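Scroll down for the structure; my scribbles are underneath it.
The values are calculated or read from the model by the stated rules, or taken from the named source; none is laboratory data. This structure is a prediction, so every number in the text was calculated from the model and none was measured. Cβ placement follows ideal geometry from the backbone for every residue including glycine, while neighbour counts extend to all protein chains displayed. All accessible areas refer to the heavy atoms of the entire protein, side chains included, with ligands and DNA or RNA removed. Shrake-Rupley method; radii C 1.70, N 1.55, O 1.52, S 1.80 Å.
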Amino acid sequence: MAISERPQSAQDGQRLDYQAKLTGRAAYLADMKMPGVLEGVVLRSPVAHAWIRYVDTSEALKVPGVVAVYTKDDVVQGTGIEPYYGPVFKDQTIVAVDKVRHVGDPVAAVAAETREAAEEAANLIVVEYEDLPPVMDVQDSVKEDATLVHETVRIPEHGFADLAELKPIENTNVCTHFKLRKGDIEQGFAECAHVFEDTFILPTTQHVALEPHGCIAAFQPDGRVNLWSTTQNPFVVRTQLANIFKMPVSKIRIMVPYLGGGYGSKVYPKIEPLTMALAQKAKRPVRILLSREEVFYTVTKHAAFIRMKTGVKADGTFHAREAEVFLDTGAFAEIGPRVAKKSAYTAAGPYKFSHVKIDAKSVYTNKPPAGAFRGFGVSQSAWASESQTDIIAKALGRDPYELRMQNIYDEGDEFVTGEKLWSIGVKGCLEKVAQEMKWGEPMPAPDDPSKVRGRGLAALIKATITPSISCAAIKLNEDGSVNVFTSTVEMGQGSDTAMAAIVADTLGISLDQVSVLGVDTDVVPYDLTTSSSRSTFHMGKALELASLDLCEQLRKFVSEEHGVPFEETRMEGGKVLFRENALDIREVLFNHFGMQGGTLVGRGEVKTSTVDPDTGDKTTSSFWFVGAGGSEVEIDKDTGRLRVLKHATAVDVGRVITPLGCQQQLVGGAITGMGQALFEQMVWDNGILVNPNLVDYVLPALGDMPDEITPIAVEVPHKNGPFGAKGIGETSLIPVAPSIANAVDDAVGVRIKDLPVTAEKIFLGMLDK
Amino acid sequence: MKKAITMEVNGASCRVEVEPWRTLLDVVREELDLTGAKLGCDIQVCGACTLLVDGKPVSACSVLAVDADGRKVTTVEGLAEGDRLHPLQESFMKFGALQCGYCTSGFLLTAKAMLDENPHPDDEQIKSYMGGSFCRCGCYQEIMQALRSVARS
Amino acid sequence: MKHFEYLEPGTVDEACGLLKQYAGNARVFAGGSSLTILLKQGFLQPDALINIKKIDELRRIEESGEDLVIGSLVTHHDIEVSEVLARRLPVLCELEHDVANIRVRNMATVGGNIASGEPLTDLPCVFITLDATVRIANTSGGRTLALEEVFVDYYETQLQEDEVLTHVVIPPLPAHSAIDYVRFSSSSVVDKPCIGVAVRMTVDPDGGACREVRVGLGCVAPTPMRARNAEAALEGQPLNDDNLQKAARAAAEECDPMDDLRGSERYKREMVAALVRRLSSRVYDQARGGRS
C-alpha cells in the first residue's frame, strides 16, 4: 500500500487517558476492589544459592486468618499442574522446588484475610537450606569449575520461532550461545592497518516502574478464572498459565488496567502463576502486590561483559568486527536468549563491516532473572560499539562525526545478516544531532575556571521482534462512533491515543468519536506483546486495515443500494462519496439496517515473518530502529562531578502519528538513558543485593536534567507501517550513555568503559592519568 | 486499640477509627476510597504517595494516620472544582506533563503547595521544591514547562 | 508493623515520665520520618510511641540574648523559610534547599535528625562548627552537652532511655566571621550526601590571620566530626596556598570514611581535601570582605 499522508486528528496534544489520570480517577491494579479477596504474601529466599532441605508450614497455618500456604509440595504433588514454565526454556517453577537460585527467589506464599496475618504467617514458615557456592558474575559463571545454576534445563515443545535454534549448553552455565558470521574475520583483521581491542562492562539495573507488579486472581464457580494483572503481554501470560494449569486459554481471562510504567519489566509471567496457584488452593480470590524490594528480585536488566575487537583500514574504513558479548541473565533464562540474539545483531553498530564474528552468550548466574528492558540488549552492545568508535577516531586523529558518517548505513546497504536495509534514516539522524549540538564549532568556555566541557555523539540500529502477530477489531456503532478492540497495553506510552488517531484518520472521523476498550483477553483479539516498540507499527497497521475493512463494507452497501459500481464509491472525511452524493456513516448504516441499530465489525491483522512478502528477501526485523544522540557535558575538575548541559536525540520515526506522544517517548527515553548512564546499578555483596530500595538505588531527578533535551523526529516512512510510521519507544535511550562517555573523554581525556559514568571514575581517571 | 480520628478531607469532615500503626496512605486509600495517591517506594523517596496535610506535602506512606488527627488533608481528587480542572491540571494536560500517570497526583499536590507558599517561583525554586518527586517515564521537561507556565501567570 | 501504644504527652516532663515508665521499650515520636520506616521494616518494635508533637514550646526558633535557640520539633522546612535564620545564619536556610525532599523537610525535625544518629545528614555537621550545644530533658532535671559529644557511633547517641532532646543552642559568631557549607553528592542531586564540609572562621581585620577556625566533616566517619588538624593548620595565620594545602591534606587524613555506594574511601578522602581547600578559601574571602 502506498504511504499515506500523516494523520490529523491528534495534532493538538490531546490524550485519551489524561482526564482520568489528572483527576486521580484512573484505576491501576492496586486501586481495584474485589469482594472477599485474600492478601497474598511471598516468602523469599534469603540466600543466593542453596538446596532446599525442607519447608515446614505448621506454625504458619495456625495464624488466625490464614487460608492457604503454598509450597513446593503443591507444585510437585499438587493439583495436576505442569511444574515447569518459562517463555524460552522451562526453567522456572511457581515457587522454588529443589533449590533456590537467587536472593528473593520465591519459596512459599501465604493467602490470608489480612496482609498482616499473611506476613506473620510467612515469617513462621521454617525453611532449611543447604548452601551452595553462588556464581555472581558472568566471568565466574563460564569457568569450567563453576557451580551449575541449573543441573538440567527443560525445552518446551512449542517455543518462539526466532529462538528455535538456540539450546542450553549442557553441564555449563551457558544458557544460549548465538553466533553471527559474515566473511572471514581473520582475513579481515589481516587486511587492516589498525586493530583495536577493548573490554566494556555494564552493571545490572532495574526498570523501577513506579507501580510495582501486582495481580488479582479469582476463580469462577464454573472453573474459569479471571485475572487482573500488571502485564505488558496478556496473551503470552495467558498461554503460559494455560500450560501450567492445563486449562484451555478460553477459560483464562486476563484484564489489564492502566500500567504505572512498564519499560519491559512487565512482559512474560511474573507474579501471575503464583497468584493463580494461591487462589486455586485457597478457593478464594487472591491479590498479590509486590513491595519495592520484591520488584528488584523479580526482573532486572542484563549486566554485560563485552570484548570488542575492530579492524580499520588506513583511510578509516571499518572492515572487521569481532565481539564476544556475555549477558548475565540471572537465575532463569526468561527472555535472555532473545536479548543476547538482539545484542549480537547490533554489536557491529549501524556501520558497514565486511567481516563480522559475533558470539553472544546468555549466561546463568545466581542473581534475580534478567529480562526485557527498554533497549533490549542493544543498550549493552551499543555502549561497547559506540564507545569504541570514539576510541578509534581519537587514535586515528579523525573527527568522530566524520568517521561515523564515512561508515554508516545508507538506504539499501547490506546488513551483517546479508539482507538489504530499507527505511534507514540513521545518516539523517546523525546529521541533525550534530547540527543541533553545534558539532565542529568551538565550545563556549565555562564561567568557572574549575570546569571543563566536552561533546560526544553516538548512533544506533536495533531490530524489532520478528516474526510476530497483531490482530485488531473495531466496532462501528449506529451513530457512526467507533469502539476499538486492541490488546496494546496503555502503560504511559500513549498507545490508546495513537491507536484511536489511526482509526479516526483512516475513517475520517474526529478523535472524540473513538473509544478504546482496554485489554480483556476474552474480548480483544490476539496480540503478541506491547514491547519491542512494536505497537504503532503492528497494531497501528492492524487497526488501519480494520478501518479500511469498515470503509469497504460501507462502500459496498452504498454500491448495492444505489446501484453504483463499487470502484466509483470512495470514503473521505467520514462520508461515502459517489457521483455528486455524500452520505455520512450514520445514514449509510440506517439505510442498510433499516433502523437506528446494528453493528459493523472491521477486522485487521498484521503478521510479520522472516521473509519479506514483497521481495522474498530474508528479514531479520520487520523494520529497523535507527537514531542518534549527542551530549554536552561540564565536569568539575576538582571533584569529577559531571553535569549534562544539553542532550539532543534524533529518531527515525517513519511518520509522526501523535506529535505529543512522539516528543514524550523521545525525551522520556533519553531521560531513562541518563539514569542508566550516570547513576543506576544494583550492587551485590556476597550474593546479597545491597540496594533494593530507592534510597540507595539512585534514579535521575528533576535537578539532574540538562537545561535542554531536544527531540528530533526524522521521517523516513516505512512501506508497511500505518501512514509510514515505525516504532519509537526504545531508540532514544540507547545512545545516551556512549554519547556521555564520549563527551567525558572529549572534556578531560578520561575513557570510561564501565557504566555508570560516575564522578569518582572521572576524578580518579584524571588523577591516575 | 483503635483510635477515633477526625480529619477534614478535601473540605469535608470525616471520622474514622484506626489502629495507631496504620499509615495515612492506607487509610485514605482503603477506608476513604481515595486512590489517587499511590504507593511507590514506601520510604519517602519517590513522591507517588504525596498528600497535603495542613497544606504541606508529606509522604503519606510514612505518616501515621493518628498523626493526621484534627488536620486538613488534600488529595488529588480534591483539586478540581466539579468539572473545572485546577490550573495545574490544565497546564499538565496542555504541556503533556505525564505519561503513565502514576506520579501525577504527587506532582500536582506538591506543585499546589509550592504555589500556595510562593505563587511565582523561579526555576531554581521549582527544582528545590519539586526535585524530590520522581517521574520514571521521563516527563521532567514537560513538567517544568507546565509549572513555569502556571508560576508565570 | 508490630502493634504499639500511641501516647501524646502535653509537656516535656510528662514525656520523660512515660519514657522512664516504659524502660527502654518506648520511642520518642517527633517528625516520625525515619522512625516510621524503621517501624514498617520491623527494625524497631517498641511497645509505645511517645508523640511529643503536642508540646508547642519545642517548635520555636528564637533569639535568646545573643544565642539562637532551635526547638527540637522545628522541621527542616521551618529552617529553610525562617526569617530569623535568614538574617542570622543564612547558611542553614540555604543548605536546607537540598536536604532530602520537600516532604521529608516538612516532617523531619532537628531533634530527630540528631537523635537518630544517622550519619549521612547535613545539619549536625554545620551545627558542630558553630559550637552548638543541646539541652536534654530527663526525669532527673536535664543536662546540656556539646553537640559534638552527643554522637557516639553510627545510629548511636548519648541520649538515654528517659531523655528527650529539647533544644539546640547556637552561640553568636564573632565579628569578621564567615561560615559556609558544601553538600557534595557523588551521584544524583537528590541522593544522600557523599560528603558534607562546613568551614567557619574569623579573620583578623589587621594582618588577616585566621582565628576560631572550625572545619566540620559529615558522612566520612561514624559521626559528624571536626577536623582539628586541619583547623590547626590554618589557625593564627593568614590563608595561603601552603597552609590551605596542609589543611586539606590533614582533613583527608583525619577523617575515617568507608567504601560504600557513594564512593570509595580513597575518593572520599580526595573529596574532603578538594572541598576543604575550596571552601576554606571561599570562607576566608567572605570573612575578610566583612560578610558574616
Note to self: For C:Lys2, give me every one of the lysines with a C-alpha distance below 20 angstrom, ignoring sequence neighbours fewer than eight places off in its own chain.
What the structure shows: A:Lys62, B:Lys2, B:Lys3, C:Lys40
Next item on the list: Output the pairs from A:Lys21/C:Lys54; A:Lys251/A:Lys420; A:Lys475/A:Lys719; A:Lys167/A:Lys427 with a Cα-Cα distance over 32 Å in this structure; if there are none, say none.
Entry: A:Lys21/C:Lys54; A:Lys251/A:Lys420; A:Lys167/A:Lys427
Notebook entry, point to check: Where the accessible area of region C:5-51 is counted over protein heavy atoms with a 1.4 Å probe, how much of it, in %, is carbon and sulfur?
Noted result: 46 percent
Check: In region A:576-656, what GluC sites (Glu not before Pro) fall in a loop by DSSP, with at most 10 other Cβ atoms inside 10 Å?
Finding: A:Glu580
Checklist line | Rg followed by Dmax, in Å, when chain C is reduced to its Cα trace | finding: 19.4, 64
Next item on the list: Please report the relative contact order for chain C, taking Cα pairs under 8 Å with a sequence separation of at least 6, and give it as a percent rounded to a whole number.
Entry: 15 percent
Next item on the list: Quick one: Debye curve from the alpha-carbon atoms of the protein assembly as shown only, equal weights, vacuum; give me log10 I(q)/I(0) at q = 0.04 Å⁻¹ to two decimals.
Entry: -0.23
Margin query: For a test of the definition: using alpha carbon positions, the gyration tensor, and the 1.5 limit on a/c, classify region C:5-51 as rounded, prolate or oblate.
Written below: oblate
Notebook entry, point to check: Around A:Arg321, which amide H atoms from residues at least 5 apart in sequence, or from another chain, sit under 5 Å from its own amide H, with H modelled in the peptide plane?
Noted result: A:Gly311, A:His355, A:Val356, A:Lys357
Item checked: Computed accessible area, A:Ser622, all protein chains, 1.4 angstrom probe, square angstrom -> 20 Å²
Notebook entry, point to check: Which semi-axis lengths, in whole Å and largest first, follow from the square roots of five times the eigenvalues of the Cα gyration tensor of region C:56-170?
Noted result: 21, 16, 13
Checklist line | Count of lysine pairs in region B:52-153 with Cα separation under 19 Å (8 or more residues apart, or interchain) | finding: 6
Check: On the accessible surface of region A:40-94, probed at 1.4 Å, how many percent belong to carbon and sulfur atoms?
Finding: 50 percent
Check: Just counting partner chain Cβ atoms within 10 Å, what average do the residues of peptide A:254-262 show around their Cβ?
Finding: 3
Next item on the list: Step through the residues of region A:679-691 one at a time and calculate ³J(HN,Hα) from phi using the Karplus curve (6.51 cos²θ - 1.76 cosθ + 1.60, θ = phi - 60°), rounding each to whole Hz and writing x for Gly and Pro.
Entry: 10, 7, 6, 8, 10, 10, 9, 6, x, 9, 6, 7, 10
Margin query: Just to be sure I follow: if Rg is taken over the C-alpha atoms of region A:477-550 and Rh is the Kirkwood radius over the same atoms, what is Rg/Rh?
Written below: 0.93
Check: Hey, what does the equivalent ellipsoid look like for region A:131-277, semi-axes from the Cα gyration tensor as sqrt of 5 times each eigenvalue, largest first, whole Å?
Finding: 40, 20, 18
Check: For region C:160-292, what mean projected area does the convex hull of the alpha carbons give, in nm²?
Finding: 9.6 nm²
Note to self: I'd like the trypsin sites (Lys or Arg not before Pro) in region C:1-50 restricted to DSSP loop residues with at most 14 other Cβ atoms within 10 Å, sorted by number.
What the structure shows: C:Lys2
Check: Given Cα pairs under 8 Å that are at least 6 residues apart, what percent is the relative contact order of region A:227-376?
Finding: 23 percent
Next item on the list: State the number of lysine pairs found in region A:281-388 whose Cα atoms come within less than 23 Å, restricting to pairs 8 or more positions apart or on distinct chains.
Entry: 19
Checklist line | Interchain or long-range residues, amide H under 5 Å from C:Gln160's placed H | finding: none
Margin query: Am I reading the A/B interface right? What is its buried accessible area, both sides, 1.4 Å probe, to the nearest 100 Å²?
Written below: 3800 Å²
Item checked: Area accessible to solvent at A:Val100, 1.4 Å probe radius, in Å² -> 0 Å²
Notebook entry, point to check: Interface C/B, total buried accessible area with a 1.4 Å probe, nearest 100 Å²?
Noted result: 2400 Å²
Checklist line | Cα centroid separation - region C:151-206 against region A:249-278, whole Å | finding: 49 Å
Check: Can you give the average number of partner chain beta-carbon atoms within 10 Å of each beta-carbon in peptide A:703-714, as a whole number?
Finding: 3
Checklist line | Alpha-carbon gyration tensor eigenvalues x 5, square-rooted, for region A:512-660, Å | finding: 46, 20, 17
Checklist line | Derived scalar couplings ³J(HN,Hα) [region C:162-171; Karplus, 6.51 cos²θ - 1.76 cosθ + 1.60; whole Hz; x for Gly, Pro] | finding: 9, 9, 10, 6, 9, 8, 9, 10, 10, x
Check: What's the Cα-based Rg to Rh of chain B, Rh via Kirkwood?
Finding: 0.97
Notebook entry, point to check: Roughly what % antiparallel, to the nearest 5, for the DSSP beta bridges in chain B?
Noted result: 90 percent
Checklist line | Set of lysines near A:Lys432 by C-alpha distance (under 18 Å), chain-local residues within fewer than 8 positions excluded | finding: A:Lys646
Check: Along region A:428-439, what does the Karplus equation 6.51 cos²θ - 1.76 cosθ + 1.60 (θ = phi - 60°) give for ³J(HN,Hα), rounded to whole Hz, x for Gly and Pro?
Finding: x, 4, 5, 4, 5, 5, 4, 4, 4, 7, 6, 4
Next item on the list: For region C:101-165, run through the chymotrypsin sites (Phe, Trp or Tyr not before Pro) and keep only the ones in DSSP coil with at most 15 other Cβ atoms within 10 Å of their Cβ.
Entry: C:Tyr154, C:Tyr155
Check: For region A:179-236, what are the per-bin percents of Cα-Cα distances with bins 5 Å wide, up to the bin holding the maximum?
Finding: 4, 9, 11, 11, 10, 7, 7, 7, 8, 9, 7, 5, 4, 2, 1
Note to self: Quick check: at a probe of 1.4 Å, how many percent of the accessible area of region C:177-288 sits on carbon and sulfur atoms?
What the structure shows: 44 percent
Check: How much area per residue is accessible in chain A when the probe is 1.4 Å and only protein heavy atoms are counted (Å²)?
Finding: 34 Å²
Checklist line | Heavy-atom accessible surface that A and C bury in contact, both chains counted, 1.4 Å, Å² to 100 | finding: 1800 Å²
Check: Roughly how much of A:Trp624 is accessible, in Å² to the nearest 10, using a 1.4 Å probe?
Finding: 10 Å²
Check: Taking amide hydrogens as modeled 1.01 Å from N in the peptide plane, which residues meet the under 5 Å criterion relative to A:Thr176, leaving out close sequence neighbours?
Finding: A:Ser362
